[in-house]
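Contents: one structure, followed by commentary.
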Amino acid sequence: MEAFNGAKVIFSKLGQRSDEARCILELGSVNLRLHQTEKAREAFETARAIFSELGEQGDEARCIVELATLDVQVGQVEKASEAFKTAHSTLSRLGDEKLKAKCIFALGLIDSEHGQYEKGIEALIDARDVFAAAQDRLSEAACVVELGENYLALSENERAKGEFMKAKDMFSQLGERHGEAKCIYGLGRVALKSGQNEDARNALNTARTIFSELGERADEAWCICESGFVDLKQNNNKAREAFDTAKAMFSELGNRLGEAKCLAGLGCFDAFLGLHELATGRFNEAAEIYAELGHQRNEHQTRELANLYHGMLFPKKKSVT
């Protein structure tokens with residue numbers, strides 16, 4: 001970061017505004033990786049304004065992509081979707097296939113978050129093929145792991161497992177531990193959905209250890225949350241502890257999606273104990289967060305659970321004829 005700041009000052013003194021803006025853009029990217037969202041947004045918008053003034057459409061589109069990526073992180077999915085579409089249109093005119101593929105990749109993820117998994121898969125395959133042709137193995141692997149996520153959501157467990165294994169090998173060859181851990185996390189969830197509880201627990205613990213070593217707190221929290229569901233399937237009282245721990249971590253990080261998943265998990269635990277009123281409240285709270293974030297499928301599922309347990313509390317009276 002110090003190097004970019006130093007270069008920015010030098011370019012500013014020399015009046016080289018384009019190079020100055022590129023340094024500001026890189027500083028924004030560093031801020032984004034450090035989850036300093038406000039600093040990142042300020043940097044991206046400043047760089048975008050300079051590129052726009054200079055008529056440098058390609059670099060301006062890159063700023064739009066970074067701003068949209070930030071919007072996804074803070075839950076402003078609809079705003080991000082429009083920005084990615086704007087950038088995609090500009091990049092199509094300019095012929096920047098690789099950055100255009102990044103937009104397609106992001107739009108595929110947004111489709112998936114809205115429960116449009118088949119559409120998401122189509123976009124991810126398109127992006128994967130562009131990255132493969134450009135020999136960008138890291139971006140290609142990112143597409144493959146997200147394909148695994150989509151197949152898992154569609155309960156195509158074997159296809160999901162195949163994609164996670166493929167991506168894991170790619171990340172391993174590249175020495176990319178974070179990506180490799182994401183694949184192990186995915187394989188743990190495949191095992192969980194397949195009823196292989198011990199395999200699920202082992203994979204999630206392995207992924208959690210790697211994330212912890214890398215300082216990836218949000219990913220570590222996801223592993224803890226999913227471990228709660230393993231405990232839940234085994235009627236284990238540790239489930240509540242896992243959900244509470246993960247929820248506290250997500251809350252600290254401002255990760256509303258993670259909080260919602262933990263609330264849903266706590267609702268399931270309360271329902272298991274027969275605490276239907278408490279479970280109903282948890283599911284409704286989770287559904288409200290999903291609604292705010294635009295996660296329609298998750299909202300629908302949790303509202304159905306809330307209605308189910310509310311019905312157990314207040315069963316409809318049989319009509320007397």
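The values are calculated or read from the model by the stated rules, or taken from the named source; none is laboratory data. Here the structure is a predicted model, which means the values were calculated and not measured. Heads up, the Cβs are rebuilt from the backbone with ideal geometry, glycines too, and the neighbour counts pull from every protein chain shown. Ligands, DNA and RNA are excluded from the accessible area calculation, which covers all protein heavy atoms including side chains. Shrake-Rupley method; radii C 1.70, N 1.55, O 1.52, S 1.80 Å.
Against the numbered list (1) among the basic types (K, R); (2) over 17 Å from the mean Cα position of the chain (by Cα); (3) under 25 Å from N150 (Cβ atoms), R93 comes up short only at (3). Close Cβ contacts (under 6 Å, 6 or more residues apart or on different chains) running from residues in the stretch 1-17 that are free of Cβ contacts under 8 Å to residues at least 24 places away in the same chain to residues that are among the aliphatic types (A, V, I, L, M) and open to solvent by 70 Å² or more (accessible area, probe 1.4 Å) are absent.
The test for being assigned to a helix (DSSP H, G or I) and more than 22 Å from D244 (Cα to Cα) does not hold for R189.
When you go through R48, R33 one by one, which is the residue that is open to solvent by 20 Å² or more (accessible area, probe 1.4 Å) and within 22 Å of the chain's Cα centre (by Cα)? Talk me through it step by step, then tell me what you get.
Numbers: R48 fails: within 22 Å of the chain's Cα centre (by Cα).
After applying the criteria, what remains is R33.
Per the listing I125, I110, the residue uniquely within 22 Å of G186 (Cα to Cα) and surrounded by fewer than 18 Cβ atoms within 10 Å (Cβ to Cβ) is I125. Condition first: farther than 19 Å from N298 by Cα, in a helix (DSSP H, G or I), open to solvent by less than 20 Å² (accessible area, probe 1.4 Å) and charged (D, E, K, R). Can you find one or more residues in the stretch 210-228 that meet it? For the stretch 210-228, residues farther than 19 Å from N298 by Cα, in a helix (DSSP H, G or I), open to solvent by less than 20 Å² (accessible area, probe 1.4 Å) and charged (D, E, K, R): absent. Just to be sure before I move on: is A287 under 27 Å from N202 (Cβ atoms) and either touching a His at 6+ places or on another chain (Cβ under 6 Å) or in a helix (DSSP H, G or I) (or both) in the structure I sent? It is false that A287 is under 27 Å from N202 (Cβ atoms) and either touching a His at 6+ places or on another chain (Cβ under 6 Å) or in a helix (DSSP H, G or I) (or both). Evaluating N236 against the criteria (1) in a helix (DSSP H, G or I); (2) at pLDDT below 95 leaves one unmet condition, (1). Selection over the stretch 1-30 of residues that are open to solvent by 80 Å² or more (accessible area, probe 1.4 Å) and within 19 Å of E60 (Cα to Cα) gives a count of 2.
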